[in-house]
Amino acid sequence: MVNDKKNDFDVIIIGAGISGLVCGCYLAKEGKNVLIAEQHHSPGGYCSSFVRSGYVFDSAAHFLGGVKKGILAVILKELGINIKDLFVQFDPSDKLLLKKNIVYIRSDSIKTQDELKRVFPEQSRNIEKFFEFVLQPNTVAIYRKTHKANFQSVLNSFFKDSQLKVSLGVFMLGNMGLPPSKISAFAAIIFLREFLLDPGYYPQGGIQKFTNLLVEKFKSLNGKMILSSQVKRIITKSTMAQGIVLDSGESFSAKIIVSGIDATHLFRKILDVKTKEADIVKKLKESVSYFAIYLGIREKIENIFGESCNIWDFPHNDLDKIYNDLIVNTRKMTIPCLVFSFSPGKMNSFSNKINNTAQIFSMASYESEEFWKKNKMIYANKILKRAYKLFPNLKKNIDIMEIATPVTFNKYTINKNGSAFGWESSVDQIANRKLDNQTSIKNLFLIGHWVITGAGQGGISTVALSGRKVAKRIVKVLT
């Protein structure tokens, strides 16, 4: 280790995803000397954007929930981050194209209840009871009733209408990678709370704008960030983490190390001592990955796709089959379901093509680099063929196209097999397995969607909350 004081920190955070940035901001706000090391040239992880031919595309995350009433609202307020005029809240936030119905998710829970009652009038009272249960303030009570159950059992306890259950279940498959029968009920409900209570926020100019707010706050608090620098090794002595070594060979020391990166990569590749977590991660299953098409559009977005930000296309109601057949479907080039994403921030201005983009996502298995080199255009063309049937004006208005496979997502995040949501939030993994924020190495902490503590991997709000939780814990350790 070097003894240079400029390379000596209170806390080093590995990974500049949302959990790492939130954690860094809280620690820097408390006066701690913090370094964030990020392997990519841009911070944010899945909450980032990239530019091609003047178009701005969102890499993965395409909207936020809980910005004004939920978890993110609390975090932004505590950090003193001003979001005035940044976000557009779209209404409806989602349009579900199901086999028998079209269902909208609206901008608040009352509107969404009214929409569901309109489509399923005979279930009106049960819909009210379901929303009362999900949105109740006492999350401990929800946990006690649901932590060992799957979400399908919760839906069954409220509803008999299968189409209504599918309408709520597609959110789990699309946003957390599991059907209701497999996902932890508590994890599902934590996610739904954010996206039923306060959904549909988009930062004007791209999702990177939200990430950049956190980066700017971190730097204003004298936090230091290094980009394009992969951590190759965590140095330990006497079962204590002492610092990191980058791929450049430069090393840094710290009292505390925090990891927001893939836990398998952490415990089995860059940590130079054996831990119990190295055995735990071998038994855990990561979530699904995605195939993504990014489109720069010549025509106004609303003239092609209509009124909604996220359009979900499910060819049938068997969500279990879509999940169970994922590998077979990928290898056969069969498209199980699609999510089309754009935003009113993009719709409201056609004067600048920065605002005229769309993303299409489809669940896909990792396979191999060779597989996707050979098949990515075949897969993309099958997706586009289906998209053209839904939106006939799309084909003649595509200006540019970029493609990302599960291998691409793995390359830019190091997430195992291009995992979209960290560990799979299945009942077994959430209820019976544990990968806590505090590791067996006393001064090494975990944050982000590679932690398993009971709540599951519920998107940006949940990973942000993990960063906040660990930062507060570290402040006490260092005090």
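Loop-only GluC sites (Glu not before Pro) in region 251-347, please: DSSP not H, G, I, E or B, and at most 16 other Cβ atoms within 10 Å. Working shown, then result.
Working: sites: Glu277, Glu286, Glu299, Glu302, Glu307; in loops: Glu299, Glu307.
Filter output for region 251-347: Glu299, Glu307.
Using +1 on the beta carbon of Lys and Arg, -1 on that of Asp and Glu, and nothing else charged, what's the dipole of the chain about the Cα centre, debye to 20?
For the chain, the charge dipole is close to 500 debye.
Kindly provide the trypsin sites (Lys or Arg not before Pro) of region 197-275 that DSSP labels as loop, not H, G, I, E or B, and whose Cβ sees at most 12 other Cβ atoms within 10 Å.
In loop regions of region 197-275 (DSSP not H, G, I, E or B), the sparsely surrounded trypsin sites (Lys or Arg not before Pro) are Lys274.
Have a look at Ser49, Val273, Thr462 and report the one farthest towards the positive end of the charge dipole of the chain, computed about the Cα centre with Cβ charges (Lys/Arg +1, Asp/Glu -1).
Going by the Cα projections, it comes out as Val273.
Report ³J(HN,Hα) in whole Hz for each residue of region 392-397, in order, from the Karplus equation J = 6.51 cos²θ - 1.76 cosθ + 1.60 where θ = phi - 60°; Gly and Pro get x.
x, 7, 6, 4, 7, 10
Can you list the HN-Hα couplings for region 461-470, worked out from phi with the Karplus curve (6.51, -1.76, 1.60; θ = phi - 60°), rounded to whole Hz and with x for Gly and Pro?
Working through the residues one at a time gives 4, 5, 5, 4, 5, 5, x, 5, 4, 5 Hz.
Counting only C-alpha contacts under 8 Å and six or more residues apart, can you give the relative contact order of region 288-413 as a whole percent?
43
Strictly over 27 Å apart at the Cα level, which of Lys129/Lys209; Lys182/Lys283; Lys283/Lys321 would you flag in this model?
Flagged as over cut-off: Lys129/Lys209.
Can you give the angle from 0 to 90° between the axis of helix 124-134 and the longest principal axis of the chain, with both taken from C-alpha atoms, to the nearest 10?
Helix 124-134 and the main axis of the chain meet at about 0 degrees.
Along the charge dipole of the chain, pointing to its positive end and built from +1/-1 on Cβ of Lys, Arg, Asp and Glu, which listed residue (Thr239, Pro180, Asn443) has its Cα farthest out?
It is Thr239.
Identify all aspartates and glutamates with a Cα-Cα distance to Lys111 below 19 Å; exclude those on the same chain that are fewer than 8 residues away in sequence.
Within the straight-line cut-off, Lys111 pairs with Asp91, Asp94, Glu122, Glu128, Glu132, Glu194, Asp198, Glu307.
Amide H to amide H, which residues 5 or more places from Leu98 or on other chains are under 5 Å from it, using H placed in the peptide plane?
Residues meeting the criterion, in which the H sits 1.01 Å from N, are Val103.
Going by how many other Cβ atoms sit within 10 Å of their own, how do Val475, Val140 line up, fewest first?
Sorted ascending by nearby Cβ count, the order is Val140, Val475.
Given R₀ = 51 Å, what would the calculated FRET efficiency be for Lys68 paired with Thr239, taking r from the Cβ atoms and rounding to 0.05?
0.70
Just name one of Gly296, Asn317, Val328: the one whose Cα is farthest towards the positive end of the charge dipole of region 285-329 (beta-carbon charges, Lys/Arg +1, Asp/Glu -1).
Gly296
Going by average Cβ density within 10 Å per residue, which order do the peptides 30-39, 459-468 take, highest to lowest?
459-468, 30-39
Here are some pairs, Lys77/Lys255; Lys165/Lys434; Lys232/Lys411; Lys276/Lys442; Lys434/Lys469; which of them have Cα atoms lying more than 19 Å apart in this structure?
Violating the 19 Å Cα-Cα cut-off are Lys77/Lys255; Lys165/Lys434.
Pick the calculated P(r) over Cα pairs in 20 Å bins from 0, in percent for this structure from (1) 22, 48, 26, 5, 0; (2) 24, 58, 17, 0; (3) 23, 55, 20, 2, 0?
Given (1) 22, 48, 26, 5, 0; (2) 24, 58, 17, 0; (3) 23, 55, 20, 2, 0, the calculated one carries the label (2).
Using the 10 angstrom Cβ neighbour count as an exposure proxy, how do Cys337, Cys47 rank, fewest first?
Cys337, Cys47
When only C-alpha pairs under 8 Å and at least 6 residues apart count, what is the relative contact order of region 182-288, in percent?
Reported relative contact order: 15 percent.
Quick one: which residues, 5 or more positions from Lys232 or on another chain, have an amide H under 5 Å from its amide H? H modelled 1.01 Å from N in the peptide plane, none for Pro or chain starts.
Result for Lys232 returns Val245, Leu246, Asp247.
What does the charge dipole of region 109-192 about its Cα centre add up to, to the nearest 20 debye, if the Cβ of each Lys and Arg holds +1 and the Cβ of each Asp and Glu holds -1?
Working: 11 positive and 6 negative charges, 49 e Å.
Magnitude of the dipole: close to 240 debye.
Considering only DSSP beta bridges with both partners in the chain, what is the antiparallel share in %, to the nearest 5? Each step should come with its number before you reach the end.
Numbers: 47 of 69 bridges.
Antiparallel bridges: around 70 percent, rounded to the nearest 5.
Can you give me the relative contact order of the chain as a percent, contacts being Cα pairs under 8 Å and 6 or more apart?
Worked out over the chain, it gives 25 percent.
Taking θ as phi - 60°, what are the ³J(HN,Hα) couplings along region 79-90 by the Karplus curve (6.51, -1.76, 1.60), each to the nearest whole Hz, with x for Gly and Pro?
7, x, 9, 8, 9, 3, 6, 7, 9, 9, 9, 8
For Phe391, what residues show an amide H to amide H distance below 5 Å, using hydrogens built from the backbone and excluding near sequence neighbours?
Answer set, sorted by chain and number: none.
Could you list His40, His62 so that the one with the fewest beta carbons within 10 Å of its beta carbon is first and the one with the most is last?
His40, His62
Bear in mind these aren't lab numbers, they're just calculated from the coordinates by the rules spelled out. Since we're looking at a predicted model, the values are computed, not measured. Cβ atoms come from the backbone with ideal geometry, glycine included; neighbour counts cover every protein chain shown.
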